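**Student:** Provided herewith is a single structure, encoded as structure tokens, for subsequent inquiry.
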Amino acid sequence: MLRGRVLSFLSEPQGRDDHASYRYIEDGAVVIDASTGRILWVREWGDGPGGDLRFVEIVDHRPHLIMAGFIDPHIHFPQMQVIGAYAGALLEWLNTYTFVEEQRFGDLEHSTRIASRFFDELIRHGTTTAAAYCSVHPQSVDAFFTEAARRDMLMVGGKVMMDRNAPPGLCDTPQSGYDDTKAGIAKWHGKGRAHYAITPRFAITSTHEQMAMAEALAQEFPDLHIQTHVSENLAEIAYANELFPNYGDYVGIYEKFHLLGPKTLLGHCIHLSHRETEVIAETRSVAVFCPTSNLFIGSGLFDYERQHQHGVRIATATDVGGGSSYSMLRTMDEGYKVLQLRGQRLTPFRSFYHLTLGNARAMSLDDRIGSLAPGKEADIVVLDSGATPQMKLRMETVHSLEQELFLLQTCGDDRAIVETY
Ligand code: GUN
Ligand code: ZN
């Protein structure tokens, strides 16, 4: 049983004053069934937990804030040692650093070492679920899910399918990409908390034949997530359209291969045309906003308001190693600034909705994670709004939950994470 200030979202906040979108308990209790790992109750401490308390372990986190664990719907596990690589735009960054680094993941020992560090970092930053790109090598998938299982974490991941425009050591073939993906699904999907994602990296690194294989996999396994990149950078868009000249536009490529749908996570979505936005909205696909990456690689400013007005489902993610921080707090801070530069607003409650229930909904996992409620899986983060001397001082002038959340977002990072369950 955890005691502390409990915050959990019920719906998407519609404005600064939408206090019905969340539940906040000043002195609350989150009661967890240790045998199932699920939440039994969330209630006022004073209401009493009921039953025999003698054998219940109580962790008192007051005055800290207890929330559902953060969710990162777009991250590259083989890019831990690429973060902060000095490069120009996307294609240079990929070719100079990323495609070189990812070749090392053909080695299971290396994959295993990095996977262990990867989950250490996620936990340190309060992230309990992620959708991850592994490398092209099945070994990287094995390392990823083995380590996730060891920590009993709900993870989505898959080997990237890529058969051109990359070094030979990083290319599969249409057939091997299909076979390895299918074997990965059989080996991992549904084992414990593992979810396999069909992962064609992006149109530039897949031939028509490979895109058709991704389509076949999506037809065979319609309940799986699909993750890819789209419309991140202008040169990338031009190259994708050149490689697929008869598809109308970049989104049209994925559309014609029937890869769009409610479980499709589309990284970036920055420079979309009106038609592309409409198709993403109609197919209920998810646009994944990756602010630290978009700023670091100089890709552009995600048009949050435009996507939102079109009814596009929006997620927010780190995109490490294009992204520069594992912290979802740092991510939302940069996201806030991207919107500022576009003259748009992102309210503090909406930010924290995104980190939890919003991203859970975007990943169609909100029946299991993203909120603190009976029956939900007990993936939980505990936050300290006074984690640094500067934050502690600033907290003296903070007088509302909204202000506190905004301070956590603006100044918080891994130091603000007290505990991750
Ligand atoms: N597009 C294709 N692959 C990648 C990648 O690894 N990172 C980013 N940011 N964009 C991509
Ligand atoms: Zn990415």
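The values are calculated or read from the model by the stated rules, or taken from the named source; none is laboratory data. None of these values were measured; they are calculated from a predicted model. FYI the Cβ positions are ideal-geometry reconstructions off the backbone, even for glycines, and counts take in every protein chain you see.
**Student:** Within segment 308-332, how many residues are more than 25 Å from PRO262 (Cβ to Cβ), more than 16 Å from ligand 2 (Cβ to nearest atom) and in a loop (DSSP other than H, G, I, E, B)?
**Tutor:** 1
**Student:** Search segment 116-145 for residues being within 16 Å of ligand 1 (Cβ to nearest atom) and part of a loop (DSSP other than H, G, I, E, B), and hand back the single one that is surrounded by the most Cβ atoms within 10 Å (Cβ to Cβ).
**Tutor:** VAL136
**Student:** When you check ALA29 against the structure, is it outside any loop (DSSP other than H, G, I, E, B) and either surrounded by fewer than 16 Cβ atoms within 10 Å (Cβ to Cβ) or without any contact (Cβ under 8 Å) to a residue 12 or more places away in the chain (or both), yes or no?
**Tutor:** No.
**Student:** So, in segment 233-267, exactly how many residues are touching a residue at least 12 places away in the same chain (Cβ under 8 Å), within 15 Å of ligand 1 (Cβ to nearest atom) and over 15 Å from PRO200 (Cβ atoms)?
**Tutor:** Adding up the residues that qualify gives 5.
**Student:** Considering only residues that are in contact with a Phe, Trp or Tyr (Cβ under 7 Å, 6 or more places away or on another chain), of a type in the set (Val, Ile, Thr) and away from ligand 1 (no atom under 16 Å from the Cβ), which ones fall in segment 277-309?
**Tutor:** none
**Student:** Take the residues in segment 53-72 that are among the charged types (D, E, K, R), away from ligand 1 (no atom under 16 Å from the Cβ) and touching a residue at least 40 places away in the same chain (Cβ under 8 Å), then tell me which one is surrounded by the most Cβ atoms within 10 Å (Cβ to Cβ).
**Tutor:** Out of the qualifying residues, it is ARG62.
**Student:** For the condition away from ligand 2 (no atom under 16 Å from the Cβ), closer than 21 Å to MET363 by Cβ, within 24 Å of the chain's Cα centre (by Cα) and buried (at least 20 other Cβ atoms within 10 Å of the Cβ), what is the one hit in LYS191, LYS263?
**Tutor:** LYS263
**Student:** Now for a separate question. Hey, ARG193 hits all of (1) within 16 Å of ligand 1 (Cβ to nearest atom); (2) closer than 26 Å to ARG284 by Cβ but one; which does it fall short on?
**Tutor:** With (1) within 16 Å of ligand 1 (Cβ to nearest atom); (2) closer than 26 Å to ARG284 by Cβ applied to ARG193, the lone miss is (1).
**Student:** So SER327 passes all but one of these: (1) over 25 Å from ASP414 (Cβ atoms); (2) touching an Asp or Glu at 6+ places or on another chain (Cβ under 7 Å). Which condition number does it fail?
**Tutor:** Just one mismatch for SER327, condition (1).
**Student:** If you don't mind, there's one more thing I want to ask. Which one is nearest to SER400 (Cα to Cα), of the residues in segment 78-121 that are of a type in the set (Phe, Trp, Tyr) and away from ligand 2 (no atom under 16 Å from the Cβ)?
**Tutor:** So, considering only residues that are of a type in the set (Phe, Trp, Tyr) and away from ligand 2 (no atom under 16 Å from the Cβ), the one nearest to SER400 (Cα to Cα) is PHE119.
**Student:** Can you say whether SER273 is at pLDDT 95 or above, farther than 24 Å from THR181 by Cβ and surrounded by 24 or more Cβ atoms within 10 Å (Cβ to Cβ), as far as the supplied structure shows?
**Tutor:** It is false that SER273 is at pLDDT 95 or above, farther than 24 Å from THR181 by Cβ and surrounded by 24 or more Cβ atoms within 10 Å (Cβ to Cβ).
**Student:** Moving on. Can you tell me which of (1) surrounded by fewer than 20 Cβ atoms within 10 Å (Cβ to Cβ); (2) in contact with a Lys or Arg (Cβ under 8 Å, 6 or more places away or on another chain) is the one ARG306 doesn't meet?
**Tutor:** (2)
**Student:** I would also like to ask the following. Going by the structure shown, is PHE289 buried (at least 24 other Cβ atoms within 10 Å of the Cβ), aromatic (Phe, Trp, Tyr) and under 27 Å from MET328 (Cα atoms)?
**Tutor:** Yes, satisfied.
**Student:** Identify all residues within segment 380-421 that are in a loop (DSSP other than H, G, I, E, B) and either closer than 15 Å to THR331 by Cα or touching a Cys at 6+ places or on another chain (Cβ under 6 Å) (or both); write none if there are none.
**Tutor:** If the condition is that a residue be in a loop (DSSP other than H, G, I, E, B) and either closer than 15 Å to THR331 by Cα or touching a Cys at 6+ places or on another chain (Cβ under 6 Å) (or both), then GLY412, ASP413 are the ones that fit.
**Student:** While we're here: Among (1) under 14 Å from the mean Cα position of the chain (by Cα); (2) within 19 Å of LYS191 (Cβ to Cβ), there is one condition SER140 misses while meeting the rest; what is its number?
**Tutor:** (1)
**Student:** Checking ILE75 against (1) away from ligand 2 (no atom under 16 Å from the Cβ); (2) of a type in the set (A, V, I, L, M); (3) crowded, with 24+ Cβ neighbours inside 10 Å, which test does it fail?
**Tutor:** It fails just one condition, (1).
A quick yes/no check of all residues on (1) within 22 Å of the chain's Cα centre (by Cα); (2) within 15 Å of ligand 2 (Cβ to nearest atom); (3) over 23 Å from LEU91 (Cβ atoms):
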residue: GLN227; (1), (2), (3): yes, yes, no
residue: GLU236; (1), (2), (3): no, yes, no
residue: TYR239; (1), (2), (3): no, no, no
residue: PRO291; (1), (2), (3): yes, yes, no
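**Student:** Next question, about the same structure. Pick from segment 202-232 the residues that are away from ligand 1 (no atom under 16 Å from the Cβ) and without any contact (Cβ under 8 Å) to a residue 40 or more places away in the chain: which of them is nearest to SER299 (Cα to Cα)?
**Tutor:** Per the criteria, the residue is HIS208.
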